[in-house]
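Below is one structure, written out as structure tokens; the observations come after it.
Values quoted throughout were computed directly from the atomic coordinates according to the rules given, and no laboratory measurement underlies them. For clarity, every value in this text was computed on a predicted model and none was experimentally measured. So basically every Cβ, Gly included, is an ideal-geometry build from the backbone, and we count neighbours across all protein chains shown.
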Amino acid sequence: MTLTGLRYFVALAQEKHFGRAAERCFVSQPTLSAGIKRLEEELGLALFERARAGVRLMPSAEPLVLQAQRVLEHAQDFGEMARQQRDPLAGSFRLGAIHTVGPYLFPALIPMALDAAPDMPVIIEEAFTAQLRDRLRRGELDAAIVALPFTEVDVVTLPIYEESFEVVMNQNDPLAQKGQIVKSDLNRDDLMLLGEGHCLRDQILSACPGLADRLNSQRSRVPSEGSSIETLRHMVAGGLGISVLPRSAIDGGRYAPGTLVNKGFADGDMKRTVALAWRASFPRPGAITMMVELLKKLAIELNAEPLQS
């Protein structure tokens with residue numbers, strides 16, 4: 001039994017397709033098929049049911065998938081631990097971030113990390129929180145930048161900074177004349193939020209229960225939804241409505257002066273906490289320490305408040 005065979009097994013169990021599993025493992029389909037067959041012979045157990053409709057994991061093999069993932073993770077950690085003995089800042093660092101953080105942190109973070117650790121290239125990825133959670137658990141990411149709350153077994157979560165939410169509007173919107181915004185000001189048909197799956201949407205609705213009740217009411221028209229903060233900001237600049245964005249994402253520099261106006265909330269709970277999460281077994285604590293320091297430095301540039309460790 002080899003680690004390669006286990007890697008083929010996990011990939012096929014997750015992809016349920018020989019071609020996709022082979023691509024994921026960077027091998028040909030016949031090579032993967034032969035590896036799976038060899039593993040089944042060694043175990044004396046059929047792992048998959050093969051049919052024209054696809055591949056199905058045998059019920060008797062289901063408990064083996066998680067165990068195989070653990071073996072692969074421990075093997076990876078073993079190799080990383082050996083490299084750590086030489087230099088914890090050597091070797092790539094795979095960093096994920098939620099969509100509402102990555103675009104505003106990564107452009108400054110990557111060159112800073114390169115200066116601080118030239119032998120540790122940072123490989124970045126943006127995804128939804130649920131996807132980052134899965135990739136972190138499977139060892140496909142070394143760390144992830146997320147918004148709290150975030151809990152996962154055997155994962156350490158360290159709050160990095162807090163940032164306020166602000167309402168962004170066109171200069172001609174009536175709210176532009178107010179000093180501060182209250183939550184009831186959001187009860188408008190032209191409020192635009194990110195779509196389902198974005199934690200930013202969930203955080204805003206959680207902080208404004210009245211708004212959540214309104215959206216859930218069948219009598220209320222669902223407001224426009226954007227796929228990204230950039231889309232929402234362009235729609236606001238075009239006079240299509242208002243939106244609520246993290247302070248780090250409010251940038252009116254690309255529009256004519258005064259086109260966009262942003263206003264803070266009078267309510268002190270309209271903010272989010274951004275954190276760094278990593279597996280407790282991650283064998284390069286020096287890399288985590290460096291990343292935490294860099295993120296806290298960047299927090300100030302993003303008009304956010306760094307938190308004490």
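Is there a quick way to get the dipole size of the chain? I mean about its Cα centre, with the Cβ of Lys and Arg at +1 and of Asp and Glu at -1; what is the value in debye to the nearest 20? Present the calculation step by step, with values, prior to reporting the outcome.
Details: 34 positive and 38 negative charges, 110 e Å.
My answer is approximately 520 debye.
Return one number: the angle in degrees, 0 to 90 and rounded to the nearest 10, between the long axis of the Cα atoms of helix 62-84 and the longest principal axis of the Cα atoms of the chain.
80 degrees
Which of the lysines could be linked to LYS37 by a straight reach, that is with a Cα gap under 18 Å, when you skip same-chain ones fewer than 8 residues away?
LYS16
Pairs of alpha-carbon atoms within less than 8 angstrom and 6+ residues apart define the contacts here; what relative contact order does the chain have, in percent? Numbers along the way, then the final one.
Values: 468 pairs, mean separation 68.8, N = 309.
It comes to 22 percent, rounded to a whole number.
Dipole of segment 71-211, Cα-centred, from +1 at each Lys and Arg C-beta and -1 at each Asp and Glu C-beta, to the nearest 20 debye?
Charge dipole of segment 71-211: 80 debye, to the nearest 20.
Between LEU57, LEU295, LEU105, where does the largest GNM mean-square fluctuation fall for the chain, given springs only between Cα atoms within less than 10 Å?
Comparing LEU57, LEU295, LEU105 in the GNM, the peak value goes to LEU57.
Show that you can apply the helix-only estimate: for the chain, add -39,500 (n - 2.57) for every DSSP H stretch of four or more residues, divide by all residues, and state [θ] at 222 nm to the nearest 500.
Working: 10 runs with 126 residues, N = 309.
Here the helix-only value at 222 nm equals -13000 deg cm²/dmol.
So, by mean Cβ neighbours within 10 angstrom, what's the order for 45-53, 10-18 with the highest one leading? Provide the component values of the computation, followed by the final result.
Numbers: 45-53: 11.6, 10-18: 18.9.
Going by the mean number of other Cβ atoms within 10 Å, highest first, we get 10-18, 45-53.
Summing +1 for each Lys or Arg and -1 for each Asp or Glu, what net charge is found among the other residues whose Cβ lies under 11 Å from the Cβ of MET235?
Numbers: positive: ARG233; negative: ASP190, GLU225, GLU230.
Net charge in that neighbourhood comes out at -2.
I need the phi-derived Karplus couplings for segment 146-157: 6.51 cos²θ - 1.76 cosθ + 1.60, θ = phi - 60°, integer Hz, Gly and Pro marked x.
Residue by residue, segment 146-157 yields 10, 9, 6, x, 8, 10, 7, 4, 6, 10, 8, 10 Hz.
Packing-wise, with mean Cβ within 10 Å as the measure, how do 284-293, 170-179 rank, highest first?
On the way: 284-293: 18.1, 170-179: 13.6.
By packing density, highest mean first, the sequence is 284-293, 170-179.
Under a Cβ-only charge scheme (Lys and Arg +1, Asp and Glu -1), can you give me the dipole magnitude of segment 3-82 about the Cα centre, in debye to the nearest 20?
In total the dipole reaches around 360 debye.
Cross-link partners among lysines for LYS271, C-alpha distance below 23 Å, same-chain residues fewer than 8 apart left out?
The reachable lysines, counting only those whose Cα sits under 23 Å from LYS271, are LYS178, LYS183, LYS263, LYS296, LYS297.
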